[in-house]
Amino acid sequence: MTSVNVSGLRKSYATGAEAVPVFTGLSLRLASHESLALTGPSGSGKSTLLNILCGLEGIDGGEVHVLGHEGASLSNDQWAGLRRQRIGVVFQDSNLMPALTLEENLKLRADLAGRSFGPVRDWLSRLGLAGLEDRYPDQVSGGQRQRAALAMVFVMGPDLVLADEPTGSLDRHTARDVADALFHWQQAQGCSLILATHDLELADRCNRRLDLAGGGQQ
Ligand code: ADP
Ligand code: ADP
């Protein structure tokens, strides 16, 4: 089963009168259960590609297939439905609502997904957050917040996880801890994973790596 299939992707951003190309014919294919690391310097298009794969950014040419859907044929509502139920997105710190406790955040996420994989408290404890259920996101450490962000994704039972620098703001030890949780639950749930990272140790833990320096052409 193919989870993601991109062929001949073209994308540029207009800055003033000029179009700055990011992708000029990128192709990639990812099977379900596989993990892929996107590497490359800042500005090489890692975030842009993740945004394209969850429908938050359009494309100029080529084809993008995600979980059996052709991207161009999906409406914004259909993309939003995929992000609610099948594509788990982990951007740095972004998926926790500051006004809700960790448990309330997770419950809301599970309710929205409509296919929660086990009780919310179990997910908090699986990610080492037992006892912190009633804390607000700004009342826990960076490592704990990032593990809560992973719980938010795995509670929905996703088919594809997209993670942008999931360990980027963490010290080395905490980063390894968060990565352990990410790969453990990716394998346990059998979903595919694409992560963007500068951390080559993290990239090496993925099945494959795509270096986007020079537009990803290899
Ligand atoms: P990375 O995640 O690898 O740092 P990005 O995907 O953020 O790279 O950026 C790729 C290129 O696209 C950069 O040159 C960046 O300046 C440009 N870019 C990204 N987002 C926008 C935007 N919204 N408007 C204009 N240019 C953008
Ligand atoms: P980590 O290794 O996860 O980064 P820290 O060493 O930063 O953890 O934090 C150690 C302890 O301090 C944790 O149990 C955490 O709950 C608590 N803590 C850290 N930051 C905060 C905060 N902003 N508010 C409340 N408690 C915090």
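The values are calculated or read from the model by the stated rules, or taken from the named source; none is laboratory data. Keep in mind it's a predicted model, so treat the numbers as computed, not measured. With ideal geometry, Cβ positions are generated from the backbone for all residues, glycine too; neighbour counts draw on all protein chains shown. For the accessible areas, the whole protein counts, side chains as well, though only heavy atoms, and no ligand, DNA or RNA atoms are used. Shrake-Rupley method; radii C 1.70, N 1.55, O 1.52, S 1.80 Å.
From most to least packed by mean Cβ count within 10 Å, the peptides 141-150, 22-31 give 141-150, 22-31. The 3J(HN,Hα) values that the Karplus relation (6.51, -1.76, 1.60; θ = phi - 60°) gives for the range 198-207 are, in residue order, 8, 8, 5, 5, 5, 4, 5, 7, 7, 4 Hz. Gly and Pro appear as x. In this structure the amide hydrogen of Thr2, modeled in the peptide plane, comes within under 5 Å of the amide hydrogens of Ser32, none closer than 5 places in sequence on its chain. Each label was represented as a point 7 Å from its Cα along the Cα-to-Cβ direction; for Thr2 and His184 these points are 3.4 nm apart.
Taking every DSSP bridge with both residues inside the chain, close to 50 percent are antiparallel. For the chain, relative contact order (Cα pairs under 8 Å, six or more residues apart, normalised by length) works out to 30 percent. Across the accessible surface of the chain, with the other protein chains kept in place and a 1.4 Å probe, carbon and sulfur atoms take up 48 percent. The slack between Glu201 and Ser32, meaning 0.36 nm per residue of separation minus the straight C-alpha distance, is 58.6 nm.
Sequence-distant contacts, meaning Cα pairs under 8 Å at least 6 residues apart, place the relative contact order of the range 131-208 at 34 percent. Once every Cα of the range 32-112 carries one equal point scatterer and solvent is ignored, give the base-10 log of I(q)/I(0) from the Debye formula at q = 0.21 Å⁻¹, two decimals. Cα-only, vacuum Debye calculation for the range 32-112: -1.14. Rounded to the nearest whole Hz, the Karplus-based 3J(HN,Hα) values (6.51 cos²θ - 1.76 cosθ + 1.60, θ = phi - 60°) of the range 171-177 follow the sequence 5, 4, 5, 5, 4, 5, 4, with x at glycine and proline. Rolling a 1.4 Å probe over the protein heavy atoms gives the range 28-155 an accessible area of 45 Å² per residue. With the highest mean first, a sort of the peptides 186-198, 4-16 on other beta-carbon atoms found within 10 angstrom per residue produces 186-198, 4-16. What you get for the chain, charging only the Cβ of Lys and Arg (+1) and of Asp and Glu (-1), is a dipole of about 320 debye around the Cα centre.
3J(HN,Hα) along the range 53-65, derived from phi through the Karplus expression 6.51 cos²θ - 1.76 cosθ + 1.60 where θ = phi - 60°, amounts to 6, 10, x, 8, 9, x, 10, 9, x, x, 10, 10, 10 Hz, with x in place of Gly and Pro.
For the pair the range 43-87 / the range 148-218, the C-alpha centres are spaced 18 Å from each other.
Only Cα pairs under 8 Å and 6+ residues apart enter the sum, and on that basis the relative contact order of the range 1-114 stands at 25 percent. Equivalent-ellipsoid semi-axes for the chain (Cα gyration tensor, √(5λ), whole Å, largest first): 29, 19, 16.
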